[in-house]
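Below is one structure; the comments refer to it alone.
Just so it is clear, none of the values below were taken in a lab; they were calculated from the coordinates. A quick note: this is a predicted structure, and the numbers were derived from the prediction, not measured. Methodologically, a virtual Cβ is constructed for each residue, glycine included, from the backbone with ideal geometry; neighbour enumeration extends over all protein chains shown.
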Amino acid sequence: MDKNIIGKTVTVIVDRPLKTCHPNYPEIVYKVNYGYIKGIFAPDGEEQDAYILGVNMPVRRFTGKVIAIVRRINDIEDKLIVVPDNVTFSKQEIMEQISFQEKYFVSEIEM
């Protein structure tokens, strides 16, 4: 994932809304909305995944700004962090919100 995506506006199609379970691992409950960006493909051949932070209700679609990339060291796919305009989070705040899933990977936040 190219760092130039940071600061861009994207639309996320949410396939795992806030408070739903992972389809293959029901013990993982999504603490944030999570989905994909249509037309941007990740190395796994699927559309690029993104976490949506700063939206505290389930949504089906969200347009916002990319503020960070979650670089997974032990996985082929990075994840994007998308937020509403004028919302910011520190690296630590981002990791706290996505740790429900990222705790299974070695990852770092690039801003």
Once amide H atoms are built 1.01 Å from N in the peptide plane, which residues 5 or more positions from V59, or in another chain, come under 5 Å H to H? L18
Apply the Karplus parameterisation 6.51 cos²θ - 1.76 cosθ + 1.60, with θ equal to phi minus 60°, to every residue of segment 37-53 and state each ³J(HN,Hα) to the nearest whole Hz, in sequence, with x for glycine and proline. 9, 4, x, 10, 9, 8, x, 7, x, 9, 5, 4, 7, 8, 8, 10, 10
What is the gain in length, in nm to one decimal, between D2 and R71 on full extension, counting 0.36 nm per residue of separation less the C-alpha to C-alpha distance? 23.7 nm
Rounded to the nearest 5, what % of the DSSP beta bridges within segment 38-86 are antiparallel ones? 65 percent
Report the net charge of residues surrounding L18, where surrounding means a beta-carbon distance below 13 angstrom and charges are Lys +1, Arg +1, Asp -1, Glu -1. +3
Rounded to the nearest 5, the percent of antiparallel DSSP beta bridges in the chain equals 90 percent
Charge tally for neighbours of D2 with beta carbon under 13 Å away, counting Lys, Arg as +1 and Asp, Glu as -1, is +1
Please give me the summed charge of the neighbours of V87: other residues whose Cβ is under 13 Å from its Cβ, Lys and Arg +1, Asp and Glu -1. -1
Taking the square root of 5 times each eigenvalue of the Cα gyration tensor, what semi-axes in Å does the equivalent ellipsoid of the chain have, largest first? 18, 16, 15
How much length is gained on full extension from K103 to I28, taking 0.36 nm per residue of separation minus their Cα-Cα distance? 25.9 nm
